[in-house]
């Protein structure tokens, strides 16, 4: 599944993760830390929508 930041449009793809931030491929969005922020605009998890 993919989630898109409502503010800047950055996409979190669960299959890819965010290795640069220590988030392994296959990490589900709901399993991201509560303090996860968009790498581009620093929006919080509540600012993402499922695609």
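Taking the criterion of being without any contact (Cβ under 8 Å) to a residue 24 or more places away in the chain and not in a loop (DSSP other than H, G, I, E, B), the only residue of the stretch 1-15 that qualifies is 13. As a summary of the residue check, residue 20 satisfies the conditions (1) buried (at least 17 other Cβ atoms within 10 Å of the Cβ); (2) modelled with pLDDT under 95 except for the one numbered (1). Looking at the stretch 34-51 only, could you name the residues that are in a loop (DSSP other than H, G, I, E, B) and without any contact (Cβ under 8 Å) to a residue 24 or more places away in the chain? Passing the criteria: 34, 35, 36, 42. Within the stretch 16-33, being in a loop (DSSP other than H, G, I, E, B) and more than 11 Å from the chain's Cα centre (by Cα) holds for 22, 24, 25, 26.
The values are calculated or read from the model by the stated rules, or taken from the named source; none is laboratory data. Being a predicted model, the structure only gives us computed values, none of them experimental. Here Cβ is always computed from backbone atoms with ideal geometry, including for glycine, and neighbour counts include all displayed protein chains.
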